[in-house]
Amino acid sequence: MSVVGIPPPPLPADQALYRLREGNARFCQTVRNLHVPVGQAARSALVAGQHPFATILSCSDSRVPSEIVFDQGLGDLFVIRVAGNVVAPSLVGSVEFAAATFGTRLAVVMGHTSCGAIKATLDFIQHHVRTPSDNIRDLVDRCRPAVESVVQAAGPDADREFLVREAVRANVRQSCAHLRHGSRLLERLIQEEGMWIVGAEYSLETGRVDFFELQDR
């Protein structure tokens, strides 16, 4: 992290991913990096600007705070949170903003086990359970194509836990595809400047992040 003066060059995507993996390994072992910037000095250094090394688009679930899960400090991550880690125009714009303004060359879409948004989408598809509001329905509708594909492939006798597990990952893949192919800016950065869009799943049970969706490169 740069404290003053010239901003650091963008961290290459592979190095950013390595840093996230290392941080999550520490989290799973219940240890912390004592050099992670969190105190007064870090706050003061960041007043003039920020240089996050990665963007995380994750679910809003209170049990999945990215900075803690990856053992990172103030100014390290550009975090975008929305229920179901769905992708809408404003969320694409947020990823674009981080890439264009701060030079972040890694964007991670992170779902998690037992996701409530995925369960609500399954309830809507299988049992026609109504959502409490139109805005929640919008979230369900954005998850729906991925979840429906899992339901249709699994058949009518599929186990509920299996469906949730597979649908969480299908939804992450869908969001990754949207970011990779739904933005001319991100497409250019992927093709010309080595940006990666990576999918991951956080386990509520173990704390481990599984980076299971890696783009072809």
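The values are calculated or read from the model by the stated rules, or taken from the named source; none is laboratory data. Not measured: the values here are computed from a predicted model. Please note: Cβ atoms are built from the backbone with ideal geometry, for glycine as well, and neighbour counts cover all protein chains shown. For accessibility, only protein heavy atoms count, side chains too; no ligands or nucleic acids. Shrake-Rupley method; radii C 1.70, N 1.55, O 1.52, S 1.80 Å.
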Per-residue ellipticity at 222 nm attributable to helices in the chain (runs of n ≥ 4 DSSP H, -39500 (n - 2.57) apiece, nearest 500 deg cm²/dmol) works out to -14500 deg cm²/dmol
Excluding ligands, DNA and RNA, what is the solvent-accessible area per residue of segment 96-217 at a probe of 1.4 Å, expressed in Å²? 51
Using a 1.4 angstrom probe on the protein heavy atoms only, could you order Asp210, Asp138 from most to least accessible area? Asp138, Asp210
If you place +1 on the Cβ of every Lys and Arg, -1 on the Cβ of every Asp and Glu, and leave all else neutral, what size is the dipole of segment 51-208 about its Cα centre, to the nearest 20 Debye? 180
Accessible-area composition of the chain, carbon plus sulfur, in percent [1.4 Å probe]: 53
Charge dipole of segment 52-146 built from unit charges on the beta carbon (Lys, Arg +1; Asp, Glu -1), centred at mean Cα; most positive-end Cα among Cys59, Ile80, Val69 is Cys59
Residues meeting the amide H criterion for Leu214 (H placed from the backbone, H to H distance under 5 Å, 5 or more places apart or on another chain) are Gly199
From most to least accessible, 1.4 Å probe, no ligand or DNA/RNA atoms counted, Tyr202, Tyr18 line up as Tyr18, Tyr202
Considering only DSSP beta bridges whose two residues both sit in the chain, what percent are antiparallel, to the nearest 5? 20
Ala88 versus Asp210, label points 7 Å from Cα toward the beta carbon: distance in nm? 2.9
Which of the three applies to segment 28-125, rounded, prolate or oblate, going by the alpha-carbon gyration tensor with a ≥ b ≥ c and a/c under 1.5 meaning rounded? oblate
Just to verify a number: FRET efficiency for Asp134 and Ser114, C-beta to C-beta distance, R0 = 25 Å, to 0.05? 0.50
Please give the length that would be gained between Arg160 and His181 if that part of the chain were fully extended, namely 0.36 nm times their separation in residues minus their C-alpha to C-alpha distance (nm, one decimal). 4.5 nm
